[in-house]
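A.B. asks: My questions will all concern the structure given below.
Only the coordinates and a few stated rules stand behind these numbers; no lab work does. The structure presented is a predicted model; accordingly, all values stated were derived computationally and were not measured. Using ideal geometry, Cβ is built from the backbone for each residue, glycine included, and neighbour counts are taken over all protein chains shown.
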Amino acid sequence: MSTLTGRHIVVTAGPTHEPIDPVRYIANRSSGKQGFAIAGALAALGARVTLVAGPVTLPTPPDVDRVDVETALEMNAAVNAALPADAAVMVAAVADWRVDPSTQKIKKGANGPPTLHLVENPDILATLARNPRRPRLVIGFAAETEHVIEHARAKLARKGADWIVANDVSGDVMGGDANTVHIVSADGVESWERLPKGDVATRLADRIAAALG
Ligand code: CTP
């Protein structure tokens, strides 16, 4: 069996929260369960794991170094600060946009609802894949509700990842305990049966160990 002793792997997990004002935020739906399970499975194979976690209420898996962040900009900075790494697994559901936040709570008033000016967040995965200090193996996730493989193939190319773990979220995956995934790479597509998130994590960790050799 391959091990990951001596390897450093960065994992992102959970959502990001993008503040609108001190009491409100924009967020994606993500429990963080799959990313935390992957971080735990990699550590169990002996890797040094840096888990960059958005706001979730999950316990840190054993032997994992956790860095808590709130926003996409903070997550991007934490991933860069964690380099160098042998591999990166980007499981976080990063908010695509942020707001230039108000320092004071926005009050309801005579002016009607506020207009939010959205600014695009950096694509953390794509930025890392093009970084001169790019980890040897860069893995992204893609949550899709339709044309799962087709969209994953497009993301693989667009983001410069080595593998995309395509996640069929048309069922009850969000917050659930099982996942149906397809590993999409230049070598083709490997489809796994519906598995508990813990088993997806273990299999993926084994596959990463084999790929790093
Ligand atoms: N991702 C990222 N930074 C972002 C957006 C996404 O690192 N700002 C990563 C996710 O962690 C995931 C992969 O990119 O590994 C795909 O995320 P997804 O939300 O499916 O992709 P998007 O680029 O948002 O594409 P779309 O909304 O068109 O499906």
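A.B. asks: Helix 148-159 sits at what angle to the longest principal axis of the chain, using alpha carbons and giving 0 to 90 degrees rounded to 10?
C.D. replies: Approximately 80 degrees, to the nearest ten.
A.B. asks: Here is a further query. Rounded, prolate or oblate for the chain? Axes are the square roots of the Cα gyration tensor eigenvalues, ordered a ≥ b ≥ c, and the cut-off for rounded is a/c under 1.5.
C.D. replies: Prolate is the answer for the chain, as a/c is 1.5 or above and a/b outweighs b/c.
A.B. asks: Output ³J(HN,Hα) for segment 98-110: one whole-Hz value per residue in order, computed from phi by the Karplus curve 6.51 cos²θ - 1.76 cosθ + 1.60 with θ = phi - 60°, and x for Gly and Pro.
C.D. replies: Once θ is set to phi - 60°, the couplings for segment 98-110 become 10, 10, 6, x, 7, 6, 10, 4, 6, 8, 5, x, 5 Hz.
A.B. asks: I want the local charge near Pro101. Using Cβ-Cβ distances under 12 Å, sum +1 for each Lys or Arg and -1 for each Asp or Glu among the other residues.
C.D. replies: Summing Lys and Arg as +1 and Asp and Glu as -1 gives -1.
A.B. asks: Place the peptides 56-62, 36-42 in order of packing, highest mean first, counting for every residue the other Cβ atoms within 10 Å and averaging per peptide.
C.D. replies: The packing order, highest mean first, is 36-42, 56-62.
A.B. asks: Let me ask something else. Restricting to bridges with both residues inside the chain, how much of the DSSP beta-bridge set is antiparallel, in percent to the nearest 5?
C.D. replies: Counting only bridges with both partners in the chain, antiparallel ones make up about 40 percent.
A.B. asks: Could you pull out the GluC sites (Glu not before Pro) across segment 95-184 that fall in loop regions by DSSP (anything but H, G, I, E, B) with no more than 12 other Cβ atoms inside 10 Å?
C.D. replies: The qualifying sites are Glu146.
A.B. asks: In whole angstrom, how far apart do the alpha carbon centroids of segment 27-45 and segment 126-143 sit?
C.D. replies: The distance from the Cα centre of segment 27-45 to that of segment 126-143 comes to 17 Å.
A.B. asks: 7 Å from Cα along Cα→Cβ at both Leu116 and Asp100: what's the point-to-point distance in nm?
C.D. replies: 1.7
A.B. asks: If you bin every alpha carbon distance in segment 58-159 into 10 Å steps from zero, what whole percent lands in each bin?
C.D. replies: 12, 35, 30, 17, 7, 1
A.B. asks: Between Val200, Val69, Val189, which gets the highest mean-square fluctuation from a Gaussian network model of the chain, Cα cutoff 10 Å?
C.D. replies: Val189
A.B. asks: I would also like to ask the following. Among Ala41, Trp97, Ala110, which residue has its Cα furthest toward the positive end of the charge dipole of the chain, with +1 on Lys/Arg Cβ and -1 on Asp/Glu Cβ?
C.D. replies: Result: Ala110.
A.B. asks: Moving on to the next point. Under a plain spin-label model, where a point goes 7 Å from the Cα along Cα-to-Cβ, how far apart in nm are Thr145 and Arg203?
C.D. replies: Distance between the two pseudo-spin positions: 2.5 nm.
A.B. asks: Separate question: Note the angle between two axes, namely the Cα long axis of helix 197-212 and the longest principal axis of the Cα atoms of the chain, as a number of degrees from 0 to 90, rounded to the nearest 10.
C.D. replies: Helix 197-212 and the main axis of the chain meet at about 60 degrees.
A.B. asks: Right, here's the next one. Between beta-carbons, use under 13 Å as the cut-off and find the net charge around Val52, counting Lys and Arg +1, Asp and Glu -1.
C.D. replies: -3
A.B. asks: Tell me the angle of helix 72-82 to the major Cα principal axis of the chain, expressed in degrees between 0 and 90 and rounded to the nearest ten.
C.D. replies: 40
A.B. asks: A further question follows. For segment 75-128, what is one quarter of the convex hull surface built on the Cα atoms, given in nm²?
C.D. replies: For the Cα atoms of segment 75-128, the hull's average projected area reads 5.2 nm².
A.B. asks: Another one. Report, for segment 1-107, the % of DSSP beta bridges that are antiparallel, rounded to 5.
C.D. replies: Of the beta bridges lying entirely in segment 1-107, close to 20 percent run antiparallel.
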